[in-house]
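Colleague: Have a look at the structure that comes next, please.
The values are calculated or read from the model by the stated rules, or taken from the named source; none is laboratory data. Worth saying up front: this structure is predicted, and the values here are computed from it rather than measured. Using ideal geometry, Cβ is built from the backbone for each residue, glycine included, and neighbour counts are taken over all protein chains shown. We work out accessible area using only protein heavy atoms, side chains counted, and drop any ligands, DNA or RNA first. Shrake-Rupley method; radii C 1.70, N 1.55, O 1.52, S 1.80 Å.
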Amino acid sequence: MAVMVYKCPKCGAALEFDAEVQQMTCSYCGSMFTPQEALVGEVNVEPEDIREETPEQSEEFNAHLKAWHCPECGADIVAEENVSATFCRFCGSPTLVETNLTGDYRPVSMIPFKISKEEAKSAFLKWCHNGRYTPKDFASEQQLDKITGMYVPFWLFDCYVEGIGTGTGTKVRTWIHGDYQYVNTQYYKILRRARMRYFRVPADGASAMDNEMMDALEPFDYDQLIRFDMPYLSGYMAEKYDESHKVVYPRIEQRVRQYTQQKLRTTISGYSNLNFQGQTNFQKVDACYSLLPVWMLTYRYKGQRYMFAMNGQTGKVVGHPPKSNKKVALWSALYGAITFGSLFLLGGLLL
């Protein structure tokens, strides 16, 4: 497995992509370069055998994890097989796994990070109310440092469909004349047909990701899609897809069918009663493999996993923070005491 780092053309230290300035930056000498300029300093390193294993151990290890040498300090790096970009845990150098970014696994397009880590930290603290109701260590500085910028593999679908709907509707008019009430009911047959095009309908291609959470991070601004360029990954985590476009397509199909029928229904109004059913015929579907930016933090509390996720382009935040029952009770009691004291004081002033 070949790995890659981007070296500073001036001093040779590792470069990382800075979302705030949209440049490759060197933390050692402070130099900045465009991603294209950073390509001059790319270094490929082929791994060596790191240990002797029994065939059984090697088979189990290779089934889930991969290992290689850090090109910066030579330490052994171990990561899950789908990881495309990571860090050396010893020297902190950003490392790209080139073999996970080639062939069928090379993305066509991507959206670079626009939100910096500091902005993500601030959003996290605001999201969890600075840890007011959460477990003690949830909003700690140590926990904040675990926020990870990750390029999540997505499939973007372009769908060309025809929506057809049929149904019946009634219009009822009533009036009173003299001693009688009259009711007039008119019956209508309804037909709707429309050709629609949906561009860049997203579905994540990573089985480890929560699909509902990834859907909730939408929308992304696809006007900012660029052709995939590896230097943008430097300094972030990234994964390759392990669910093909064929695997995730049923999710897209369901969404597009729902969108189409909702759109057809919005063209129908003015009926007292409506019975309408439709179908969606897919005429052409194209899928494009892309990487989209997400800030993530996972926390385990009392056997449950809680996840914070932030759209790395727009800043949209989703997730549910854990709650400490003791803290909730304490703050409730404090608010109650403050409210009671305010009312008591107000009552004394009125007297």
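Colleague: With ARG255, ARG227 as the choices, which residue is open to solvent by 40 Å² or more (accessible area, probe 1.4 Å) and under 30 Å from PHE33 (Cβ atoms)?
Modeller: ARG227
Colleague: To continue, here is another question. What are the residues in region 258-281 that are open to solvent by less than 50 Å² (accessible area, probe 1.4 Å) and in a strand (DSSP E or B), if any?
Modeller: Across region 258-281, the qualifying residues are PHE276, GLY278, THR280.
Colleague: If ASP145 meets every condition in (1) of a type outside the set (A, V, I, L, M); (2) under 16 Å from the mean Cα position of the chain (by Cα); (3) open to solvent by 80 Å² or more (accessible area, probe 1.4 Å) apart from one, which number is that one?
Modeller: If we test ASP145 against (1) of a type outside the set (A, V, I, L, M); (2) under 16 Å from the mean Cα position of the chain (by Cα); (3) open to solvent by 80 Å² or more (accessible area, probe 1.4 Å), just (2) comes out false.
Colleague: Here's another thing I want to ask about it. Considering each residue of region 233-252, count those that are open to solvent by less than 50 Å² (accessible area, probe 1.4 Å), more than 13 Å from TYR289 (Cβ to Cβ) and not in a strand (DSSP E or B), and give that number.
Modeller: Qualifying residue count, region 233-252: 5.
Colleague: Taking the criterion of being in a loop (DSSP other than H, G, I, E, B) and within 37 Å of the chain's Cα centre (by Cα), would at least one residue in region 177-190 satisfy it?
Modeller: Looking through region 177-190, none of the residues is in a loop (DSSP other than H, G, I, E, B) and within 37 Å of the chain's Cα centre (by Cα).
Colleague: Considering only region 176-225, state which residues are closer than 30 Å to MET237 by Cα and among the small types (Gly, Ala, Ser).
Modeller: ALA203, GLY205, ALA206, SER207, ALA208, ALA216, listed by residue number.
Colleague: Only one residue in THR280, THR298 is in contact with a strand residue (DSSP E or B) (Cβ under 6 Å, 6 or more places away or on another chain) and at pLDDT below 90. Which one?
Modeller: THR298
Colleague: If you don't mind, another one. Being open to solvent by less than 30 Å² (accessible area, probe 1.4 Å) and under 27 Å from ASN281 (Cα atoms) is the filter; apply it to region 197-224 and report the residue that is farthest from the chain's Cα centre (by Cα).
Modeller: Ranking the candidates gives VAL201 first.
Colleague: Can you name the condition, by its number, that GLN283 falls short on among (1) in contact (Cβ under 8 Å) with a residue 24 or more places away in the chain; (2) over 30 Å from ILE226 (Cβ atoms)?
Modeller: (2)
Colleague: Starting from region 221-240, keep only residues that are touching a residue at least 12 places away in the same chain (Cβ under 8 Å), then list their pairs with residues that are in a helix (DSSP H, G or I) and open to solvent by 20 Å² or more (accessible area, probe 1.4 Å) whose Cβ atoms are within a distance under 6 Å, requiring at least 6 positions of separation or different chains.
Modeller: Pairs that qualify, where the first residue is touching a residue at least 12 places away in the same chain (Cβ under 8 Å) and the partner is in a helix (DSSP H, G or I) and open to solvent by 20 Å² or more (accessible area, probe 1.4 Å), are LYS240/TYR105.
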